[in-house]
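Enquirer: Handing you a structure now.
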Amino acid sequence: MRRAGPLAIVVVALLALATLRGQLSPPGTVDATGGAPLDAQPAATTPVLREHADDVTDYTLRARLDPAAHTVRGEGTIRFRNASAAPVHELWLHLYLNAFKNERSTFLREPAAGSRGSAPLTDWGTIDLRTLSLREPDGGPATAVDLLPVLELTRAGDDGTPADDDETDARVPLPRDIAPGETVTLDVAWDDKLPAIVERTGYSGSFHFVGQWFPKLARLEPDGTWAHFPFHHLAEFYADFGAYDVTLDVPEAFTVGATGPVVESRVEQGRRVERHVQTDVHDFAWTAWDRFESREERVGDVSVRVLYPRGFERDAERELAAVRFALPYFGARYGAYPYPTLTLVHPPESAAEAGGMEYPTLITTGGAWHGLPLTRLIELVTIHELGHQYFYGLLASNEVLWPFLDEGVNSYAEADALRAMFGDGSGGEAAGLALSDSAVQSVFASAFEHDGQIAQPAAAFTTGRLYSALVYQRTAAVLETLRRVYGEAAMRRSLGGYARAFRFQHPGPEDLIASFASGAGGDAAAMLRRALFEKGWVDYAVVEVVSQSSSRPRGIFDRGGRRETVKDAPRVGGESEGWALVERRGTLSFPVDVELRLASGERVRVPWDGRASSVRIPYHGASPLRAAVVDPDHAVLLDDDLTNNHASVADAEAAGAPRTLERATYWAELVVQGLAP
């Protein structure tokens, strides 16, 4: 999900910020196929894709929507298997609609400057359990033990602090332990009151988007501990995989979009009843509206459906075009999309906060940004949310503890796909000029690079702006820097190997870093770790350029038994000599080129491993040295200040370009490289 603040401000600032800081994409045209063959990984290093997840929680649910009252009445069963190594003596349920119950919820008490969901609610939301019971093994509902009396909606803290008023994270003590490998069944029934549309869920008029709407088991870790947490404002979700069999009951005039394919559909007594079934997923969301238009087509083996308001046909076509390109593109890089359906929901303008969100096989596009001119934001949001089918959906990392693993890695995947689809203009175009998505990410990331580390829990970020800049933008800039420095093939081995190896596996940061160690080498992995966990930063600078005519050494020399004193230093064959002094500041180090620029117009590249804090690059040649540029291709998007990447000879000779012209030429090159025709 995008959390980037007012996007109108973003669009206005793109060209100005990119030009001022020089954070622009390098020249060159990207082939629509993304360069080398998409699966050009050595067969020995390509992990075998798992076909199915470890099935832990299965939900069989029925839900009836009352669009006038904005309520959902639900019931069903939850089948839970203890897949851990320890007995389970309690369950934890996420009752996330209670985030919108009152202003004492964690969600509404946390600061949210610069993020969505910060506007005052105009109508509240709740989830109230009517039934919660545990069946004995092989027993029917009659054998069930009622758990409602022991349900803890609020509780005192482990450190003795008073009970929190938040009711989104409920503890359920059990009458007996559930042994490792044992499977039990819960009977549940509940009532939802949907809020006015807020960030992920709710209603606007007759439009309903229903997310985090059922009592959902927290994720049980392999050691038997529960990864449970309240609904934080800047956090998303984490759950076990399983099968969802959900029957939705809505008025006949309403069109439904939901996770998974429709396996049964009928109309009876003025109501539309659809049954959706999907295995190997860890969540289920749905939408219903009586004003949806619909388009469907097949992209490879996937049935793709777009639901959108009347009058948004052009947007729907752009979204479909993005999926036509990105679905096979992501499949080639990160493994085939394994589900038979994909539904795109473009919410009405009155429900903008429902836009830009991801659930298994169901994503939302649209939002307040969809109509902004001269941008690729429709394609960007569509491809970003589609990418979440991998970096969230199939990998199922802990979005609360490590949000960069889904949002940040996926922001890189988004920019990579946009570059492959549109070339230099992946961020937008105007008057024949183009700006890349990666350049935009780097610009906004740089403003907050010293304010916090990337790898921290979502709730640790103090503002939405800081969360967006570090989790989304800076993570993407880190990965793009690794791609530019260590090469496209290394990036495909690393990130492609990570996505394949940890499909259905709930990976953590160490798994990502290990994949880069394997695919790109130890130096790349070390820089990734430092950038993520240590506020890693870097600034390359050319601090001195010296050029002079070559001369004979002066002084006293003993040659052939004679002592000779050399007082003058006549030129030697009209040649020149000099050096460029280059520094690396900060905690990160990447190999870079240093480009020596000569009076003749020739440019000489000298590689530097970037490990030392400084290096003196010597020069000797026929043409005088006039200037030097470190990292001339701007491979290191994390470079703190590009204004010092260039320096000229301070006392340029009359035959050479003056210092002012040299610097103006350098900045012109930055603009030309980033704003490509």
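Enquirer: Any chance segment 204-217 includes a residue that's under 31 Å from the mean Cα position of the chain (by Cα), at pLDDT below 95 and not in a strand (DSSP E or B)?
Expert: Initially, segment 204-217 is screened for residues under 31 Å from the mean Cα position of the chain (by Cα), giving 204, 207-217.
Add one more test, that the residue is at pLDDT below 95, and what stays is none.
No.
Listed here are the residues, each with its yes/no results for (1) among the basic types (Lys, Arg); (2) part of a helix (DSSP H, G or I); (3) crowded, with 24+ Cβ neighbours inside 10 Å; (4) modelled with pLDDT of 95 or more.
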{"site": "THR382", "(1), (2), (3), (4)": "no, yes, yes, yes"}
{"site": "SER397", "(1), (2), (3), (4)": "no, no, no, yes"}
{"site": "SER411", "(1), (2), (3), (4)": "no, yes, yes, yes"}
{"site": "ASP416", "(1), (2), (3), (4)": "no, yes, yes, yes"}
{"site": "ASP424", "(1), (2), (3), (4)": "no, yes, yes, no"}
{"site": "GLU429", "(1), (2), (3), (4)": "no, no, no, no"}
{"site": "SER442", "(1), (2), (3), (4)": "no, yes, yes, no"}
{"site": "HIS450", "(1), (2), (3), (4)": "no, no, no, no"}
{"site": "GLN456", "(1), (2), (3), (4)": "no, no, no, yes"}
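Enquirer: Within segment 236-289, how many residues are part of a loop (DSSP other than H, G, I, E, B) and in contact (Cβ under 8 Å) with a residue 12 or more places away in the chain?
Expert: Narrowing segment 236-289 to residues part of a loop (DSSP other than H, G, I, E, B): 236-241, 252-254, 259-261, 269-270, 282-285.
Next, from what is left, pick out any that are in contact (Cβ under 8 Å) with a residue 12 or more places away in the chain: 236-241, 252-254, 259-261, 270, 282-285.
Going through segment 236-289 one residue at a time, the tally reaches 17.
Enquirer: Taking segment 265-274 as the search range and keeping residues that are under 13 Å from ARG64 (Cβ atoms) and either surrounded by 12 or more Cβ atoms within 10 Å (Cβ to Cβ) or not small (Gly, Ala, Ser) (or both), which one is farthest from the chain's Cα centre (by Cα)? Show your work before the answer.
Expert: Step one: of segment 265-274, the residues under 13 Å from ARG64 (Cβ atoms) are 268-274.
Add one more test, that the residue is either surrounded by 12 or more Cβ atoms within 10 Å (Cβ to Cβ) or not small (Gly, Ala, Ser) (or both), and what stays is 268-269, 271-274.
Numbers: GLU268: 43, GLN269: 45, ARG271: 39, ARG272: 37, VAL273: 36, GLU274: 33 Å.
Among them, the one singled out is GLN269.
Enquirer: With respect to ASP169, is the statement that it is charged (D, E, K, R), in contact with a His (Cβ under 7 Å, 6 or more places away or on another chain), closer than 25 Å to PRO507 by Cβ and touching a residue at least 60 places away in the same chain (Cβ under 8 Å) true?
Expert: Working: charged (D, E, K, R): yes; in contact with a His (Cβ under 7 Å, 6 or more places away or on another chain): yes; closer than 25 Å to PRO507 by Cβ: yes; touching a residue at least 60 places away in the same chain (Cβ under 8 Å): yes.
In short, yes.
Enquirer: Looking at segment 384-395 only, could you name the residues that are part of a helix (DSSP H, G or I) and not aliphatic (A, V, I, L, M)?
Expert: First pass over segment 384-395, keeping only residues part of a helix (DSSP H, G or I): 384-387, 389-394.
Across segment 384-395, the qualifying residues are HIS384, GLU385, GLY387, GLN389, TYR390, PHE391, TYR392, GLY393.
Enquirer: Of the residues ARG503, ARG493, ARG474, ARG484, which is in a helix (DSSP H, G or I) and over 26 Å from ASN644 (Cα atoms)? Show your work before the answer.
Expert: Values: ARG503 fails: in a helix (DSSP H, G or I); ARG474 fails: over 26 Å from ASN644 (Cα atoms); ARG484 fails: over 26 Å from ASN644 (Cα atoms).
One residue alone meets the criteria, ARG493.
Enquirer: Additional query: Can you find even one residue in segment 544-552 that is modelled with pLDDT of 95 or more and part of a loop (DSSP other than H, G, I, E, B)?
Expert: no
Enquirer: OK, next. Would segment 228-242 turn up any residue that is closer than 19 Å to ARG62 by Cα and out of contact with any helix residue (DSSP H, G or I) (no Cβ under 8 Å at 6 or more places or on another chain)? I'd like the intermediate steps shown before the answer.
Expert: First, the residues of segment 228-242 that are closer than 19 Å to ARG62 by Cα: 242.
Keeping just the survivors that are out of contact with any helix residue (DSSP H, G or I) (no Cβ under 8 Å at 6 or more places or on another chain) gives 242.
The answer is yes; a qualifying residue exists.
Enquirer: Turning to a different aspect of this structure: Select, from ARG116, ARG130, the only residue that is surrounded by fewer than 22 Cβ atoms within 10 Å (Cβ to Cβ) and among the charged types (D, E, K, R).
Expert: Working: ARG116 fails: surrounded by fewer than 22 Cβ atoms within 10 Å (Cβ to Cβ).
Answer to the selection: ARG130.
So that you can scan it fast, the table gives a plain yes or no per residue for (1) touching a Leu at 6+ places or on another chain (Cβ under 9 Å); (2) farther than 24 Å from SER494 by Cβ; (3) buried (at least 16 other Cβ atoms within 10 Å of the Cβ):
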{"site": "VAL302", "(1), (2), (3)": "yes, yes, yes"}
{"site": "GLY311", "(1), (2), (3)": "no, yes, no"}
{"site": "PRO328", "(1), (2), (3)": "yes, no, yes"}
{"site": "TYR337", "(1), (2), (3)": "yes, no, yes"}
{"site": "GLU358", "(1), (2), (3)": "yes, no, yes"}
{"site": "LEU386", "(1), (2), (3)": "yes, no, yes"}
{"site": "TYR390", "(1), (2), (3)": "no, no, yes"}
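Enquirer: Can I ask one more? Does LEU372 satisfy being part of a loop (DSSP other than H, G, I, E, B), modelled with pLDDT under 95 and not acidic (Asp, Glu)?
Expert: Values: part of a loop (DSSP other than H, G, I, E, B): yes; modelled with pLDDT under 95: yes; not acidic (Asp, Glu): yes.
So LEU372 passes the test.
Enquirer: Looking at (1) of a type in the set (A, V, I, L, M, F, W, C); (2) surrounded by fewer than 21 Cβ atoms within 10 Å (Cβ to Cβ); (3) more than 28 Å from SER468 (Cβ to Cβ), which is the one condition that is false for PHE241?
Expert: For PHE241, the exception is condition (2).
Enquirer: Something else: Take the residues of segment 188-204 that are more than 12 Å from PRO347 (Cα to Cα) and of a type outside the set (D, E, K, R): which is surrounded by the fewest Cβ atoms within 10 Å (Cβ to Cβ)?
Expert: Among residues in segment 188-204 that are more than 12 Å from PRO347 (Cα to Cα) and of a type outside the set (D, E, K, R), the one surrounded by the fewest Cβ atoms within 10 Å (Cβ to Cβ) is ALA189.
Enquirer: Taking THR131, is it farther than 25 Å from ALA396 by Cα, among the hydroxyl-bearing types (Ser, Thr, Tyr), touching a residue at least 12 places away in the same chain (Cβ under 8 Å) and in a loop (DSSP other than H, G, I, E, B)? Quick ask: steps written out before the conclusion?
Expert: Working: farther than 25 Å from ALA396 by Cα: yes; among the hydroxyl-bearing types (Ser, Thr, Tyr): yes; touching a residue at least 12 places away in the same chain (Cβ under 8 Å): yes; in a loop (DSSP other than H, G, I, E, B): no.
So THR131 fails the test.
The values are calculated or read from the model by the stated rules, or taken from the named source; none is laboratory data. For clarity, every value in this text was computed on a predicted model and none was experimentally measured. A quick note on method: Cβ atoms are made from the backbone with ideal geometry, for glycine too, and the neighbour counts reach across all protein chains shown.
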